[in-house]
1. Of all the residues that make up region 235-252, how many are touching a strand residue (DSSP E or B) at 6+ places or on another chain (Cβ under 9 Å) and more than 20 Å from residue 11 (Cβ to Cβ)?
2. Of these, 49, 42, which one is part of a loop (DSSP other than H, G, I, E, B) and under 27 Å from residue 177 (Cα atoms)?
3. Check residue 54 against each of (1) within 24 Å of residue 168 (Cα to Cα); (2) buried (at least 19 other Cβ atoms within 10 Å of the Cβ); (3) away from the ligand (no atom under 16 Å from the Cβ) and name the one condition it does not meet.
4. Regarding residue 250, is this residue surrounded by fewer than 19 Cβ atoms within 10 Å (Cβ to Cβ), within 16 Å of the ligand (Cβ to nearest atom) and within 26 Å of residue 156 (Cα to Cα)?
5. Residues that are touching a helix residue (DSSP H, G or I) at 6+ places or on another chain (Cβ under 7 Å) and surrounded by 15 or more Cβ atoms within 10 Å (Cβ to Cβ), at least 3 per element: which strands (runs of 3 or more DSSP E) completely within region 331-443 meet that?
6. When the residues of region 233-247 are narrowed to those that are part of a loop (DSSP other than H, G, I, E, B) and within 16 Å of the ligand (Cβ to nearest atom), which ends up nearest to residue 428 (Cα to Cα)?
Ligand code: 5AD
């Protein structure tokens, strides 16, 4: 059987989709190749959220094609995911070496498409249609696959696909389609299976998880479908920690805030994308909340979980953003005191309303504003991480540190990375460490005996 190499760009949802495709191919007898240089099938799972992500994947495919086609003409090259969805056939027109384009509702058909190509039934395949029920198809995991040394201790579970929010800057509703949620029974069954395989921490994934089940599952006792799902997953014996991403601020009703108080397995950490601190820009973005409401959510979360780890996404240089608007973003960052923030320069995306709005901000100004918020975010982050030194923290040890494999890496419940010198016996363990030192968005720990 052929071997496959999948390279993933973009978010955790993309990572999860790639994992599901890989697991599905392994189940059909494929092996996982260690690199594109030796694989019989090379798939790039792509991101469209900013132009840079698209250019990276296209450049990569150009390099692979130039290299592979000379020596191994039979290698199958494919694009999957968001850019595959939004560009479709145009990708093959631009890069004729590409054989396969798999859209975001067709991941689960990848093995069939490869079959058709290998058997010669079809030469080129572009499949980007909508498919009913595809949201339930991202469920296979590589529990003990070729890439893992030990069974993984953290698992990611897709609970919904798509987004109906239509923020004016965002391409996701066009690449991921309408919101579609899996059934609670399916999700809980998948979580149970992961826990049976040794997983202790589960992250529930979706483009807008807080909208989970909105259309199909009625609120009960004032609890949204999403909070009902959290409660159902919380029941699973042996599961220690629950996280989720990405939520929308409008999903932080009283029920979700209260869940942080009532569900001990729900980790006190939240990634709540603010995007900007300016009410005028929030409105133009179609975000559906005000600056005051956003800061109220932050206060409510800190009231129930004072140590909660809070992170956010910020866009600078949205069309029409003035110095005053930008000052509001800086002051929001200051007031909210995020543990970390992901900062983006606005990137016009095709077919989105903001791309054709007047007063596009020049690149040089975006660059300047980016640097100014970054400075602020780093200063706050440094201080908040330094505050942890001298404290104890429970970490779940995930594996070797990426940069220095001699060290182990774990995460605190508040989602801060802790590095420490440990051994194989620590792998997969929930343990308490003393925090001895803080670096840039990293803590260093000492096993506390
Ligand atoms: N330009 C810049 N950043 C964007 N994001 C989404 N669309 C764009 C865009 N057009 C950012 C948002 C989102 C994160 C995943 O990417 O901050 O929360």
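1. 5
2. Just one listed residue meets the conditions, 49.
3. Tallying (1) within 24 Å of residue 168 (Cα to Cα); (2) buried (at least 19 other Cβ atoms within 10 Å of the Cβ); (3) away from the ligand (no atom under 16 Å from the Cβ), residue 54 fails exactly one: (3).
4. yes
5. Once the strands (runs of 3 or more DSSP E) in region 331-443 are filtered for at least 3 residues that are touching a helix residue (DSSP H, G or I) at 6+ places or on another chain (Cβ under 7 Å) and surrounded by 15 or more Cβ atoms within 10 Å (Cβ to Cβ), what remains is 340-345.
6. 246
No lab work stands behind these numbers, since they all come straight from the coordinates. None of these values were measured; they are calculated from a predicted model. Cβ: placed from backbone, ideal geometry, glycine included. Neighbour counts: every protein chain shown.
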